[in-house]
Amino acid sequence: MGKSYSFFLAGVGGQGTILASNVLAEVALAAGFDAKKSEVHGMAQRGGSVTTHVRWDAERVYSPLISHGEADILLAFEEAEALRYVEYLKPGGAVVVNQHTIKPITVTSGGAHYPSEAELQEVYGALTERLHIVPGTAIAR
């Protein structure tokens, strides 16, 4: 089998998660890879989670779906989304996290706790040595 890449993208509705997966798939095709993608956006219009799976391979990709422990890269557009979907990351995989918080209604109404920056950093540090926290939203503005 040729070189393959599995990307799991996670964000909140409206952040561009699906657009980013489209771009990743187009880049793969332009580079001569076979590529497949899948998306789940359920309650995204209400601030819900959006996830996409993108797989590239130098040979043929038969399914875009990534199982737990198979993602080479977990790309999270919101800080807590990385924690929510970390089980998809394979050992030694990389995590790229946008340093941006979108607190759900359960948190803003006082019904739930959103992790502090220190709590997030502690958990991220335990996930992988290949952690990249990027101020993506700030850069985009």
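Quotient of the Cα radius of gyration of region 4-140 and 2.2 N^0.38 Å, N being its number of residues: 1.05. Based on Cα contacts under 8 Å between residues 6+ apart, the chain shows a relative contact order of 23 percent.
Note on GLU117 and LEU29: with the Förster distance fixed at 30 Å, the Cβ-Cβ geometry gives a FRET efficiency of about 0.20. Here LYS3 is the anchor, and the lysines within straight C-alpha reach of less than 30 Å, apart from those fewer than 8 places off in the same chain, are LYS36, LYS37, LYS90. Axis of helix 117-127 versus longest Cα principal axis of the chain: the two differ by about 30°, to the nearest ten degrees.
Relative protection proxy for 131-139, 55-63, 77-85, 7-15, from highest mean packing down: 7-15, 77-85, 55-63, 131-139 (other beta-carbon atoms within 10 angstrom).
Rounding to the nearest 10 and keeping the result within 0 to 90°, find how far the Cα-based axis of helix 17-30 lies from the longest principal axis of the chain. The answer is roughly 20 degrees. Computed about its Cα centre, the charge dipole of the chain is approximately 300 debye, with only Lys, Arg, Asp and Glu carrying charge at their Cβ. Summary of the geometry: region 83-137 and region 16-36, compared by the centres of their Cα atoms, lie 24 Å apart. Summing +1 for each Lys or Arg and -1 for each Asp or Glu among the other residues whose beta-carbon sits under 10 angstrom from that of ILE102 gives -2.
Since every read-out is calculated from the coordinates, none of them should be taken as a lab result. Treat the numbers as computed from the prediction; the structure is a model and nothing was measured. When we count neighbours, we look across all protein chains shown, and the Cβ atoms used for this are built from the backbone with ideal geometry, even at glycine.
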